[in-house]
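Chemist: Sharing a structure, written as structure tokens. Questions coming.
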Amino acid sequence: MGKVLAVTNQKGGVGKTTTSVNLAASLVATKRKVLLIDLDPQGNATMGSGVNKHALENSIYDVLVDELSIEQARVTTSPGFDLVAANGDLTAAEVELMNMDDREQRLKRALAPVQGDYDYIIIDCPPSLNMLTVNALVASDSVLIPMQCEYYALEGLTALLNTIEKIKAVLNPQLEIDGLLRTMYDPRIALANQVSSQLTDHFGDKVYRTIIPRNVRLAEAPSHGLPVLEYDAKSRGAVCYLALAGELIRRAEQKKHDPVVETLSA
């Protein structure tokens, strides 16, 4: 069964979509089969994957609200991963889901028939705790948390970890933290180094060794509808996301050999 990974942080602008798209493309480059779910009404992961969000035949809205199958909703992107796209229609789903039975389980049920078709299913979550994010956390095996190394990020992290613990206690006992990813990192900034040290001191090996730097090519790639690996494979951003994919795969392999489940507390 494929691993379902929610890329989430309640704070916006931390690199969730950048990470979702570029991690998907990097995993494909390592010969893994990947499905990317765009669960953000802004549809940035859709556009960043080279799909026009304004011309969608089917989207994740149809999957959640009308119970369209993933097979009918997915498209294959030029980088090689499958995508279930999103656009502004998804905003209505937040309201409509509130009146539905098993509203927290809709995405999990939709993914069940196709989970065996993929090595990784990556969910790009919206930057808020709403019913869409709850669906992602209920459907996922683990959570990847992108975060900038700044003061407010630490405050937001505590709130996010509390949310994950509540979801784990009530709706998804198997949910765990896969790792914390430092993004938009600039080693010349003293505060960034200080926060980075605090993260590694407190969370240990739950912090990915891979660090995503501030990188012009990484910032430019979405405007061309491309992952950075296709836009400029030699850029630091592309190299770092390939490294993250490798680290993710190694961690999964290690866990198979050492199935002790670690716990993480804020």
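Condition check ((1) surrounded by fewer than 17 Cβ atoms within 10 Å (Cβ to Cβ); (2) in contact (Cβ under 8 Å) with a residue 12 or more places away in the chain; (3) part of a loop (DSSP other than H, G, I, E, B); (4) of a type in the set (D, E, K, R)) across all residues:
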{"site": "GLU96", "(1), (2), (3), (4)": "yes, yes, no, yes"}
{"site": "LEU111", "(1), (2), (3), (4)": "no, yes, no, no"}
{"site": "ILE122", "(1), (2), (3), (4)": "no, yes, no, no"}
{"site": "LEU129", "(1), (2), (3), (4)": "no, yes, yes, no"}
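Chemist: When the residues of segment 203-253 are narrowed to those that are over 20 Å from TYR120 (Cα atoms) and part of a loop (DSSP other than H, G, I, E, B), which ends up farthest from the chain's Cα centre (by Cα)?
Modeler: LYS234
Chemist: Against the definition (loosely packed, with under 15 Cβ neighbours inside 10 Å, within 20 Å of ALA136 (Cα to Cα) and at pLDDT 95 or above), how does ALA169 come out, yes or no?
Modeler: On the way: loosely packed, with under 15 Cβ neighbours inside 10 Å: yes; within 20 Å of ALA136 (Cα to Cα): yes; at pLDDT 95 or above: yes.
Yes.
Chemist: Do you know which of the residues in segment 172-197 that are modelled with pLDDT of 90 or more, touching a Phe, Trp or Tyr at 6+ places or on another chain (Cβ under 7 Å) and among the aliphatic types (A, V, I, L, M) is farthest from LEU137 (Cα to Cα)?
Modeler: Restricting to residues being modelled with pLDDT of 90 or more, touching a Phe, Trp or Tyr at 6+ places or on another chain (Cβ under 7 Å) and among the aliphatic types (A, V, I, L, M), the top hit is LEU181.
Chemist: Against the definition (polar (S, T, N, Q), buried (at least 22 other Cβ atoms within 10 Å of the Cβ) and touching a residue at least 40 places away in the same chain (Cβ under 8 Å)), how does THR158 come out, yes or no? If you could, list the steps in order and put the result at the bottom.
Modeler: Details: polar (S, T, N, Q): yes; buried (at least 22 other Cβ atoms within 10 Å of the Cβ): no; touching a residue at least 40 places away in the same chain (Cβ under 8 Å): yes.
Answer is no for this residue.
Chemist: Regarding ALA25, is this residue of a type in the set (A, V, I, L, M, F, W, C), surrounded by 19 or more Cβ atoms within 10 Å (Cβ to Cβ) and without any contact (Cβ under 8 Å) to a residue 24 or more places away in the chain? Walk me through it before giving the result.
Modeler: Values: of a type in the set (A, V, I, L, M, F, W, C): yes; surrounded by 19 or more Cβ atoms within 10 Å (Cβ to Cβ): yes; without any contact (Cβ under 8 Å) to a residue 24 or more places away in the chain: no.
In short, no.
Chemist: Does GLU253 qualify as being within 19 Å of SER26 (Cα to Cα), loosely packed, with under 15 Cβ neighbours inside 10 Å and not aliphatic (A, V, I, L, M)? I'd like the intermediate steps shown before the answer.
Modeler: On the way: within 19 Å of SER26 (Cα to Cα): yes; loosely packed, with under 15 Cβ neighbours inside 10 Å: yes; not aliphatic (A, V, I, L, M): yes.
Judged against the criteria, GLU253 is a match.
The values are calculated or read from the model by the stated rules, or taken from the named source; none is laboratory data. This is a predicted model, so every value here is computed, not measured. Please note: Cβ atoms are built from the backbone with ideal geometry, for glycine as well, and neighbour counts cover all protein chains shown.
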